[in-house]
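Asks: I have a structure I would like to understand better, so I am pasting it below and will then ask my questions one at a time.
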Amino acid sequence: MSPNNSRRHRSSPARRWAALGAAAVLLVPSAMVAQSKAMSAAKSTTAAATKPDSNAARKQALIAAIDKQAKQAQVMNDMIFSFGELGFQEFETSKYLVDVLEKNGFTVERGIDGIPTAFMATWTNGTGGPVIALGSDIDCIPQASQKPGVAYHDPIVPGAPGHGEGHNSGNVVNILAALAVKQMMIDQKIPGTLKIWPGVAEELLGSKAYYVRDGYFKGVDAVLFAHVGDNLGTGWGGPSSNGLISVLYKFHGESAHSAAAPWRGRSALDAVELMDVGWNFKREHLRLQQRSHNVIPDGADQPNVVPQHASDWYYFREADYEHIKGLWDTGDKMATGASIMTGTTWDSEVLGAAWPGHFNKAMAEDSTENAKLVGLPVWSDDDQKLAKAIQTELKQEPKGLATKLDELRPPRPAEQFTGGGSDDIGDVSWVVPTIVLRYPSNIPEMPGHNWANAISMATPIAHKGIIAGAKVQAMTLLDLLTKPDLMAAAKDYFVNVQTKDQKYIPLLRPGDKPAIWLNEKTMATYREQMKKFYYDPSKYGTYLEQLGIKYPTVRTASTPKGPAAASDDEDDDSSIQ
């Protein structure tokens, strides 16, 4: 932030929202007229079943329409970046997205599944036709506040959360794509239904399994998910990620004076520590595919009081339902053993769940062909300079940004899968044919879940990646709406390959509820400070301009040294939790 601009950042929320009224509606009247003319030129005499050449013309019209929305994409992306809200607390982000969708004709059901920031937006044209749902995540990472465009650690608000995963961009991809296709559906009388929904608290694996359990994908024919990456493409098959169960173990003992009468106490913290010791010994005898890790959210109060309450939060990850459930059962046994040894009691709460993902071959092949039509963005010298500077900062090879599209590769055999992260889009993928489009708004070789992953996310790199992703998403959406053979192939793979021998069994139990209390205290600590830096597009062309950042800003000899992100030489998939 430039000191000279500090006063200019403090415009009132009411004034800021008023200024956003027009900007929030992506397809402003003049743009709609121009887009309608472009799409009318691509009309076909058949609406539902089109020939390849007529779809090719339609796709060129979609590309042109999305290119015209580059400014709106930048505004939306930068605005959501500036909110920087943790899981279940994405109130500003949700409000902003709902406002955009309602102003563009969607009917929005708010607060689905009892999650205040969750919603399902729906728009229908005509009668019948496929139902396609587009989703992307909206939450961010603890302690990942970072000035965009600055190639070293420089937080906007020290200690505050920030978009160190890039979840500020995915819904922009989907909304651009959906609104372009929506206008084409109106002009060319293409029947169908579009749905748009957010992945709330994805970093906690906290919402999508509930959406599935409670029927929000019933009647949906296909799901197009979008997630930030450093290239443009998708994948198919499985396992592509571990599933997990997130469990908070709560131990209950008896307090006493730690020096005067410790024998009268029963330490809940002792139980936590003994559970951790037991689990760490158990690791030696677990499969390579498993990943398990924990934190202690409640370690009691002070040393001279025997801890009456303490808690232990575990993620148990494995490659299939049976092994996830096995880890969970073992965790329960460890908790029981720890409570017996300490004379305490315990109970637990499920905080999140995710199935291993399995993604649709037919849809992935179609999306890949569309990605080939779009290609990677043309990166500027400044874009590459920023990328290489942060790669150097993190002691990675300074390769810069991707200049060659990834290829669509067949999935690795299950026996070669050795575990990794998780994403609750996996649950959705087991009830509806689903793919995940990765679009190039981030920088290769970043550590994931880190301030460094936020550096590009309100810069031209992110903006260009969003436009590329929106074009691919729009084309694939159009193909699903207008090519019955594609939809039939997607369903055939889903029924006769993916779910032929493996059926979805929810990890969530009927009584489990979303943990909407998570992150309340953290956001209460930082929100007022962060509000001072919310993006104001009525005053500034970009968020970089508002913060007074020269693009790119790289380390020089006079730049103070700060903490560096952890780095290693291993491949990582930082897009999954």
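The values are calculated or read from the model by the stated rules, or taken from the named source; none is laboratory data. Just so it is clear, the model here is predicted, and its values are computed rather than measured. Using ideal geometry, Cβ is built from the backbone for each residue, glycine included, and neighbour counts are taken over all protein chains shown. Calculation scope for accessible area: heavy atoms of the full protein, side chains included, ligands and nucleic acids excluded. Shrake-Rupley method; radii C 1.70, N 1.55, O 1.52, S 1.80 Å.
Asks: Please sort 70-80, 539-549, 521-531 by packing, taking for each peptide the average over its residues of neighbouring beta carbons within 10 angstrom, highest first.
Replies: 70-80, 539-549, 521-531
Asks: Which whole-number value in Å² is the accessible area per residue of the chain, probe 1.4 Å?
Replies: 40
Asks: Right, here's the next one. For Lys333, give me every one of the lysines with a C-alpha distance below 22 angstrom, ignoring sequence neighbours fewer than eight places off in its own chain.
Replies: Partners found: Lys250, Lys282, Lys325.
Asks: Expressed in nm², what is the orientationally averaged projection area of the convex hull enclosing the Cα positions of region 437-489?
Replies: 4.7
Asks: Run through all the Cα pairs of region 404-542 and give the fraction in each 5 Å bin from 0, expressed as whole percent.
Replies: 2, 6, 8, 13, 16, 15, 16, 12, 7, 4, 1, 0
Asks: Please report Rg over Rh for region 112-259, where both radii come from the alpha carbon positions and Rh follows the Kirkwood definition.
Replies: Over the Cα atoms of region 112-259, Rg/Rh equals 1.09.
Asks: Report, please, the projected area of region 362-455 averaged over directions, based on the convex hull of its C-alpha atoms, in nm².
Replies: 7.9
Asks: What's the angle, to the nearest 10 degrees (0 to 90), between helix 381-393's Cα axis and the longest principal axis of the chain?
Replies: 10
Asks: Angle check, please: helix 170-188 long axis (alpha carbons) against the longest principal axis of the chain (alpha carbons), in degrees 0 to 90, nearest 10.
Replies: The angle comes out near 30 degrees.
Asks: Separate question: Please determine, in degrees from 0 to 90 and to the nearest 10, the orientation of helix 520-531 with respect to the longest principal axis defined by the Cα atoms of the chain, where the helix direction is its Cα long axis.
Replies: 50
Asks: Another question about this same structure. In nm², what is the average projected area of the convex hull enclosing the Cα atoms of the chain?
Replies: 27.4
Asks: Now for a different question. Filter the cross-link list Lys147/Lys385; Lys195/Lys404; Lys147/Lys471; Lys372/Lys395; Lys59/Lys182 down to pairs whose alpha-carbon distance in this structure exceeds 21 Å.
Replies: From the list (Lys147/Lys385; Lys195/Lys404; Lys147/Lys471; Lys372/Lys395; Lys59/Lys182), the Cα-Cα distance tops 21 Å for Lys195/Lys404; Lys147/Lys471; Lys372/Lys395.
Asks: Moving to a separate point now. When only alpha-carbon atoms count, how far does region 243-353 stretch along each of its three principal axes, as whole angstroms with the largest first?
Replies: 50, 25, 18
Asks: With an 8 Å Cα cut-off and a minimum separation of 6 or more residues, compute the relative contact order for region 243-353 in percent.
Replies: Result for region 243-353 is 45 percent.
Asks: Could you give the length gained on full extension between Arg287 and Ile186, defined as 0.36 nm per residue of separation minus the Cα-Cα distance, in nm?
Replies: Additional length available on full extension: 31.1 nm.
Asks: Sorted by mean Cβ packing within 10 Å, highest first, what order do the peptides 400-412, 259-271, 154-166 take?
Replies: Order by mean packing, descending: 154-166, 259-271, 400-412.
Asks: If you don't mind, there's one more thing I want to ask. Using a 1.4 angstrom probe with every protein chain in place, what is the largest-first accessible-area order of Asp298, Asp221?
Replies: Final ranking, largest accessible area leading: Asp298, Asp221.
Asks: Could you list log10 I(q)/I(0) for region 69-156 at q = 0.17, 0.23 Å⁻¹, which the Debye formula gives when each Cα is one point scatterer?
Replies: Each listed q corresponds, in turn, to -0.85, -1.26.
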